[in-house]
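Below is one structure; the comments refer to it alone.
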Amino acid sequence: MQIVVDHLSCVYSEKTPFEKRALDDVSFCIEAGQSVGIVGCTGSGKSTLIQHLNGLIKLKSGKVTVLDIDLSAKKPDYKALRRGIGMLFQYPEYQLFADTVAADVKFGPQNFGMSKEEAEEAAREAITLVGLDYDVIKERSPLDLSGGQKRRVAIAGVLAYRPKILILDEPTAGLDPAGKREMLTLIDSLKQSFVETVITVSHNMDEIAEFCQRVLVLGGGKLLYDTTPEELFYHHDVESLGLSLPHAVRVVKTLESRGFSIPHALTEKDLTQALLTHLGGKAHA
């Protein structure tokens, strides 16, 4: 198991009038190779959970083991942990800070001990992985890039030190529809490189349905469900949790309520196939 969370709890402002239990006895395991979505309404504990996974929030109750690093140990190896986990927060382009793209992307590898030459090669590889031309973009200021390019550079800065686990907090926030599709396709393709496991926090259920094999649903700091997208959206009342249904699921359920029997669909592509199957046709190749 790459990640083991065992009876994790977290209380903010403990023993004060502002005490808040952000996580309450949460347990789960994640194996290498999985694409996992973490969902829940605002205040459900999502951000607190992912910040425990790379040690940004120190463990106080329960046990967390990531990449064989026990975070309940007296002195966890946080440097090794953070080299193994790449974390991208919401609007990561606001985290770009260097004068040039190359300097920004090389910062992580050099911070983790790579030589100047190794960091240069790592930056070139990472920027190429996110679909940009290193030689064209390396000397440009990050501030001069488009929004989509900035986000790609921010991702490259994480990829440059070759993390095994990638954690993304609302990776498509603020992007237009075309930018969202490009970003999700990019993230999905990264698992064909050295990234083994992708964990995505998102309010967009269409993205969760299409790109995640498994979904963890948080509510009030508790882990309410650990299931597949199909099981979640077709067999649980997610709307009562403040979550929306994916568009394809909403269409299928509307048709079912009107007496039509339609195969379950999670994405627009699945829905097209389901409707064609229902009508006796065949999808075009």
Can you tell which of ARG21, ARG258, ARG124 shows the greatest fluctuation in a Gaussian network model of the chain with Cα springs below 10 Å? ARG258
Using a Gaussian network model of the chain with C-alpha springs under 10 Å, which one of LEU186, LEU56, LEU168 is most mobile by mean-square fluctuation? LEU56
Per-pair calculated FRET efficiency, R0 = 22 Å: GLU230 and ALA73 via Cβ, rounded to 0.05: 0.05
Distance (nanometres) between label positions extended 7 Å along Cα→Cβ at THR16 and ASP176: 4.4 nm
Determine which residues of the range 32-51 fall in the zone a paramagnetic label at GLN213 would reach in this model, i.e. backbone nitrogen under 13 Å from the point 7 Å along Cα→Cβ. 32-37
With each label point set 7 Å from Cα along the Cα-Cβ vector, what nm distance links LEU143 and SER189? 3.1 nm
Residue span CYS41 to GLN90: 0.36 nm per residue of separation minus Cα-Cα distance leaves a gain in nm of 16.1 nm
How many nm is it between the label spots at THR254 and LYS58, if each spot is 7 Å from the Cα in line with the beta carbon? 5.2 nm
Rounding to the nearest 20 debye, state how big the charge dipole of the range 40-135 is about its Cα centre with +1 on each Lys and Arg Cβ and -1 on each Asp and Glu Cβ. 940 debye
What residues from the range 104-133 fall in the zone where the backbone N is under 14 Å from a label point 7 Å along the Cα-to-C-beta line of ALA98? 104-128
How big is the dipole moment of the range 98-174 about its Cα centre under a simple scheme where the beta carbon of each Lys and Arg is +1, that of each Asp and Glu is -1, and everything else is neutral? Debye, nearest 20, please. 180 debye
Return the loop-located trypsin sites (Lys or Arg not before Pro) in the range 29-107 (DSSP other than H, G, I, E, B) with at most 10 other Cβ atoms within 10 Å of their own Cβ; answer none if there are none. LYS74
Too long at a 19 Å Cα-Cα cut-off: which of LYS15/LYS75; LYS15/LYS60; LYS116/LYS138; LYS164/LYS191; LYS180/LYS269; LYS20/LYS60? LYS15/LYS75
As an exercise, identify the GluC sites (Glu not before Pro) in the range 1-79 lying in DSSP coil whose Cβ has no more than 11 other Cβ atoms within 10 Å. GLU14, GLU19
Please identify every one of the chymotrypsin sites (Phe, Trp or Tyr not before Pro) in the range 185-285 that sits in a loop by DSSP and has no more than 14 other beta carbons within 10 Å of its own beta carbon. PHE194, PHE260
Run lengths n ≥ 4 of DSSP H only: what is the helix-derived mean residue ellipticity at 222 nm for the chain, with -39500 (n - 2.57) per run over all residues, to the nearest 500? -11000 deg cm²/dmol
Would you work out which of LEU245, VAL130, PRO263 lies farthest towards the positive end of the dipole of the chain, given +1 charges on the beta-carbon of Lys and Arg and -1 on that of Asp and Glu, about the Cα centre? LEU245
To the nearest 20 debye, what is the magnitude of the charge dipole of the chain about its Cα centre, counting +1 on the Cβ of each Lys and Arg and -1 on the Cβ of each Asp and Glu? 500 debye
For the chain, with a Gaussian network of springs between Cα atoms less than 10 Å apart, report the residue from VAL201, VAL64, VAL238 with the top mean-square fluctuation. VAL238
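Every read-out reported here was derived from the displayed coordinates using simple, explicitly stated rules and does not represent laboratory data. The shown structure was predicted, so the numbers you read here are calculated from the model rather than taken from an experiment. Cβ sites come from the backbone with ideal geometry, for glycine too, and all protein chains shown count toward neighbours.
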